[in-house]
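These notes are about the structure you will find just below.
Just so it is clear, none of the values below were taken in a lab; they were calculated from the coordinates. None of these values were measured; they are calculated from a predicted model. All Cβ positions, glycine included, derive from the backbone under ideal geometry; neighbour counts span all protein chains shown.
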């Protein structure tokens, strides 16, 4: 545990006082001004190396001000507000806002009530007809400060780093994505205008450090937090947020379902530099005493407004769970595993009516547009087991989500689409391809997928495999799964494990897509490894603390940090040590000698190629003979 | 930790006394006779369920007699010998064997010497010209008892289970593998004769429970154990073996490099029911005082015979590291990362001679054939970083391994091929495809691959992603990577984490390939999950102890084991609970009502298909127009 860590007492009643602060060991927070906005401070984490031969490595950093060296955090006042001036300049209406009711906090008794966060912000709302969402600005050709911020953030100072790198690396297979060489504000605008990316950014969330979710940007990850009726309170949830973003969560969903959720949410939002997502139906259900059948449009609408005014950046809306799809799930092995999906299915069936989310979708759009809350169209019928993957229920809903995407765009809203779930490897790509096709390339946001059902306790891994693959295929954001999935609520360690696992998946995907800057960090770490710069190796790792601790278990002394071996092989058997000697020897060779050896290898390669050419020709003639009379395709008239 | 666990004191000198025994909680060891050999006892692990509606689930089990209910283990006597009678019937020559020298144990002092395992076995060797290897028997059309054993083992009682399952499941994408509906002894023989599978089974390893490695069998995993100069001794290594196979390692490599390795190996072999692999060059290097330059054919040959007589089942031989390839590695980011590879490269360069492993390959084959030691042709030039993946050095060596595979087959030996390493996702398939092509479909055995370099401390996960993918593409065995990779020697927990991670990868691969029996376990677990049969869910998990412990952290009471919710969502919000109510409701619907709803969904599906058909036609006409005059392919004469 970090020296700065101050764990919270687990008490439902306590309001949060302090959270984990200070830099990740071995790196420092930096802010870089954007040329277009000299006052814009785009955050990064920078790892300085112990060698003069290489520049520091700049890392994308969603952790907010908490990781500054002398972070001054006052949870009661909330974070600094990077968007304040931009929002004020847009001239939104300041409204009194909906009155908070006892039901918003689950009618909890006074002595158990968590106080709301005292930080006050004006509540903003679009005036009738006023351009509000990033999508609307983008469609109108306007580059917002949010877009500029995102462009610089995504670039990671790429120009300088690539210059410093030994070679350019951008090979990859992107399956039709078009990650640009450099990200410009105009590129961001264009991607948003096409609906291929979103910047979830409620106008009531001035504390946000804007970020983009889209196939042509770095792959993002989401961490879920939230109390349930069984465990955890406010203090724990805010610390979970800070902890999750410290290790790299790009957005956080607050899935609280217990009491106090309105007030806990106020603490989370006022202290969150990342977009916060919620599933409003959870709170709506609390308001009607937990019985899905009692839900109706009014209570749902009220909840949307309540949460939009607080500043939630994206809402999961399960509007694709339609009445006719419900029977399609009856023969499934695991039925409906989405909470929102099962609630809506129950409602539809009990009332024998089409879902009010589907029927009122236009009105939902109008509410969300007024605050620029992005849609995360929920996959209420996602498969909950390998057996149910890619079935008719799942794909019927996905087709409806595609239809709704177009409606939301028409209404000026930003949209992403949620995806499964449990999917074996050979069925993952079909999910991605179908989503792109049905939903007009709107960003896909998947949970995992888990590639097998047989490893409860390790579902961060079963799903990390699927997440890396679907990220490679084009998924824009990966919702993490922790080791506790299916078993219980994640604690602090589980959250970290889930986040690091998903950072691995996202980065592996960026590498495979051929992202122009992703490989720089791998190369820097590998050079450090080869040079036995242990400290650099630790500091460049996704989790420097764990890397260092594992190393020190067997070789704890400071001297070992510069040792040319580790405990895996010991000093005599270190292949890297032997290779270094070897490299010196190759370099010391006469030019003729080296050239002669290389020529031998090349001769063999040439012979091999020639052989393959001959085999290839033989194969082609075989094919040719097999095809026989079918060589002519049907001709055009 | 299991109640039966008796951890060993970490002492270099202590001979092993006891190891972890007893069943994995919630399952029991069973032995099933083969119809062809009524005395053959094929081992499985069986999980009985708490519902009468479903049969027990049979699981592939490499853990040996250690997991029997009242396991009687005497490490001094060694394990029971399932192969004894089969081997005796073959009439091999019993030889005196090579005299053990002080150098075999690294010239260690008497007081530090670990005694050899007292279990005595005759040392067998083929008579001149005697048919010995499984490959030779297979080519001659002879089905050995080992092949029959493997066939039944691979089937998992599949016929009965599929009968009991609700539906047949075998969809998948196998990329050209041909996993059969049922495995017969004749199928095993045929795969071995074609070189597509091996049964690593030294005639001096009678304790072995035979298993197969090949693309058309279940994907296997290997765990590495072994002391190094820095840490660990005999007691720890034998317990690591037992611990690794308990959780599912199919083979174990003893990579010891310190002293006492001859004697430690005797304890491991006499007590191992799984194939043991080694890298003989490590011990040869010890014998020449650790200086690669002093290696020669005589010391290597002596080591091969020493280890073959002890019963090692497969040898990693880095015969593909040829002199001309060495300069190809000089410009790599991480040079040569294989210990064996770097040793041989150093030798080649220092002597400016072709590798004696390559030059003496015929003689190596002759020695290995005499004991049926399988080849694991080492990838001494595998990439050690993302930057070096799929480079000329790596592929040049792979081409040479292909050449050597054919030599080894000609000499009657069984062969598998080792593969990388560090490979980004988009370059993994090329590795698999090239290996199959170059090496005539000999089984591929890869380390990971790691899909990014930036997560030391989590390389079981970076590599688990790559392992699952390459297993899907056709890799036959996956060498595990533990969380300590690159940082230190794995301890007991690391070994377990590595094994479980790789069982996940192997199983995900089997599922994606469409293995006819793999999905049965997923479905059984998912049904248990949906029915809230918590105990069944735990017991069917790869790691029941961890699943149970995670659940109990928040809901420890016995009553919660039958509760219709977990702490993730609490009782009101459980989607599975809601779906169960829902399913009852759908079932209670009138037939007409249900039919009407389903018809609505089908209508929508039909409309969708129609739309796609129209779009498809439009697309085709576009294509057609684009192609213009190129519609005619060149015609045959």
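Provide, for q = 0.24 Å⁻¹, the log10 of I(q)/I(0) from a solvent-free Debye sum over equal Cα point scatterers in region A:314-396.
-1.10
Based on DSSP, what percent of beta bridges with both residues in the protein assembly as shown are antiparallel, to the nearest 5?
Expressed as a percentage, antiparallel bridges in the protein assembly as shown total about 40.
Report the extension gain between residue A:291 and residue A:598 in nm, rounded to one decimal, defined as 0.36 nm multiplied by the number of residues separating them, less their alpha carbon distance.
Separation in residues times 0.36 nm, less the Cα-Cα distance, equals 103.0 nm.
Any idea what log10 I(q)/I(0) is at q = 0.05, 0.07, 0.08 Å⁻¹ for chain B, Debye with uniform C-alpha scatterers and no solvent?
Log10 I(q)/I(0), no solvent term: -0.25, -0.48, -0.62.
Give me the extension gain from residue A:85 to residue A:110: residue separation times 0.36 nm, minus the current Cα-Cα distance, reported in nm with one decimal.
The residue A:85-residue A:110 span can extend by a further 5.3 nm.
Which distance in Å, rounded to a whole number, links the C-alpha centroids of region B:326-398 and region A:265-295?
Centre-to-centre (Cα) distance: 59 Å.
For labels at residue A:360 and residue B:25 in the simple 7 Å Cα→Cβ model, what's the distance in nm?
Placing both labels 7 Å beyond Cα along the Cβ direction yields 4.8 nm.
When only Cα pairs under 8 Å and 6 or more residues apart are kept, what is the percent relative contact order across region B:228-312?
Over region B:228-312, the number comes to 29 percent.
On a 0 to 90 degree scale, rounded to 10, what angle separates helix A:145-155 from the longest Cα axis of chain A?
Its long axis makes an angle of about 30 degrees.
Of all DSSP beta bridges located in chain A, what percent are antiparallel, nearest 5?
The answer is about 40 percent antiparallel.
Can you bin region B:69-138 into rounded, prolate or oblate? Criterion: square roots of the alpha carbon gyration tensor eigenvalues sorted a ≥ b ≥ c, rounded for a/c under 1.5, prolate for a/b above b/c, oblate for the rest.
It comes out oblate by the Cα gyration axes.
Label region B:183-327 by shape, choosing from rounded, prolate and oblate, from the square roots a ≥ b ≥ c of the eigenvalues of the Cα gyration tensor; if a/c is under 1.5 it is rounded, and otherwise prolate applies when a/b is larger than b/c, oblate when it is not.
It comes out oblate by the Cα gyration axes.
What's the angle, to the nearest 10 degrees (0 to 90), between helix B:297-310's Cα axis and the longest principal axis of chain B?
For B:297-310 against chain B, the angle is about 60 degrees.
What percent does the relative contact order of chain B come to when contacts are Cα pairs within less than 8 Å and at least six residues apart?
With pairs under 8 Å counted, the relative contact order is 14 percent.
Helix B:361-371 versus the longest principal axis of chain B: what is the Cα-based angle in degrees, 0 to 90, to the nearest 10?
Taking the Cα atoms of chain B, the angle to B:361-371 is about 80 degrees.
Count, for each residue of A:315-325, the Cβ atoms from other chains sitting within 10 Å of its Cβ, then give me the mean as a whole number.
For this peptide, the per-residue mean of nearby foreign Cβ atoms is 2.
What is the protein assembly as shown by shape, rounded, prolate or oblate, if you read a ≥ b ≥ c off the alpha carbon gyration tensor as root eigenvalues and call it rounded for a/c under 1.5, prolate for a/b larger than b/c, and oblate otherwise?
In terms of gyration-tensor shape, prolate.
Taking the label point 7 Å from Cα in the Cβ direction, how far apart in nm is residue B:178 from each other copy of itself, listed shortest first?
4.5
Under the definition of partner shielding as Cβ atoms of other protein chains within 10 Å of a residue Cβ, what is the mean value for peptide B:335-347?
Across the residues of B:335-347, the mean count of other-chain Cβ atoms within 10 Å is 5.
Where the label is 7 Å out from Cα toward Cβ, how close does residue A:85 come to the same position in every other copy, in nm, shortest first?
When each copy's label point is compared with this one, the spacings are 8.9 nm.
Before rounding to the nearest 500, sum -39500 (n - 2.57) across all DSSP H runs of length at least 4 in the protein assembly as shown and divide by the residue total; then give [θ] at 222 nm in deg cm²/dmol.
So the helix-based figure for the protein assembly as shown works out to -13000 deg cm²/dmol.
Would you tell me the mean number of C-beta atoms belonging to other protein chains that fall within 10 Å of each C-beta in A:461-472, as a whole number?
Whole-number average of other-chain Cβ neighbours for A:461-472 is 6.
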